[in-house]
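Just below is one structure, and these are the notes that go with it.
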Amino acid sequence: MPKNPPTDYRPNPNLKRVRKGLVIINTGNGKGKSTAGFGMMLRAWGRGMNTMAVQFIKSEKSKYGEQMAAEKLGIEIIPSGRGFSWTSKDLSEDEAKAQHGWEIAKEKINSGEYAVILLDEITYPVMWGWIDVDEVIEVIRNKPAMLHLIITGRDADPKLIEIADLVTEMKEIKHPYADQGIPAQKGVEF
């Protein structure tokens, strides 16, 4: 018998069972936040649910594995960034792209057409002040009742964490680039 048995996930018997669209956050310094979000999208798609994603960092010019897979499956992914902001010479363009992505995200959220929407790496433009966290909270509060909204990225704002139904923190224990100098690899990171 293990010293620390797994956490008991049985709900409190006094709680009323409720069905609703969840707000899910994958955050933390570890790898796998976006991957988990895309995994949820794939699971929902497999169930015949309409899904889509807005990517706030990925460049419109690049093709990543998740974009290529989604295209083959007919899942809409809208990249709205220029890539890694630390390589940018003009952050005002990055900010404008993030704000444009947020306008698209709001439209998709409010459309009522989707069961699952992934806001991939939105925590960064929120953290940098490019997208107002209070506006994001307001959109979340007024989203369609059964819409599942997935938010990914490091350093999720405490206000987002507070409003979320499920928050998972990915913790880095070892990383191939930081620890061994192994660069990002096709099919793993992109």
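The values are calculated or read from the model by the stated rules, or taken from the named source; none is laboratory data. All of these numbers come straight from a predicted model, not from anything done at the bench. Cβ atoms come from the backbone with ideal geometry, glycine included; neighbour counts cover every protein chain shown.
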Checklist line | The listed residue being of a type in the set (A, V, I, L, M, F, W, C) and within 18 Å of S59 (Cα to Cα), out of A156, A115, A98, A145 | finding: A98
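E189: within 16 Å of T27 (Cα to Cα) and either surrounded by 10 or more Cβ atoms within 10 Å (Cβ to Cβ) or touching a residue at least 60 places away in the same chain (Cβ under 8 Å) (or both), yes or no?
Numbers: within 16 Å of T27 (Cα to Cα): no; either surrounded by 10 or more Cβ atoms within 10 Å (Cβ to Cβ) or touching a residue at least 60 places away in the same chain (Cβ under 8 Å) (or both): yes.
Spelling it out, it is not the case that E189 is within 16 Å of T27 (Cα to Cα) and either surrounded by 10 or more Cβ atoms within 10 Å (Cβ to Cβ) or touching a residue at least 60 places away in the same chain (Cβ under 8 Å) (or both).
Test R17 against the stated conditions and say whether it is farther than 20 Å from I122 by Cβ and at pLDDT 90 or above. Let's see the steps before the verdict.
Values: farther than 20 Å from I122 by Cβ: yes; at pLDDT 90 or above: no.
Answer is no for this residue.
Among the candidates V139, V167, V133, V116, single out the residue that is surrounded by 13 or more Cβ atoms within 10 Å (Cβ to Cβ) and in contact with a His (Cβ under 7 Å, 6 or more places away or on another chain). It would help to see each step written out before you state the result.
Details: V139 fails: in contact with a His (Cβ under 7 Å, 6 or more places away or on another chain); V167 fails: in contact with a His (Cβ under 7 Å, 6 or more places away or on another chain); V133 fails: in contact with a His (Cβ under 7 Å, 6 or more places away or on another chain).
After applying the criteria, what remains is V116.
Within the stretch 110-127, restricting attention to residues that are assigned to a loop (DSSP other than H, G, I, E, B) and not charged (D, E, K, R), which residue is nearest to S92 (Cα to Cα)?
Step one: of the stretch 110-127, the residues assigned to a loop (DSSP other than H, G, I, E, B) are 112-115, 121-122.
Cutting the leftovers down to not charged (D, E, K, R) gives us 112, 114-115, 122.
Details: G112: 31, Y114: 31, A115: 33, I122: 17 Å.
Here the residue is I122.
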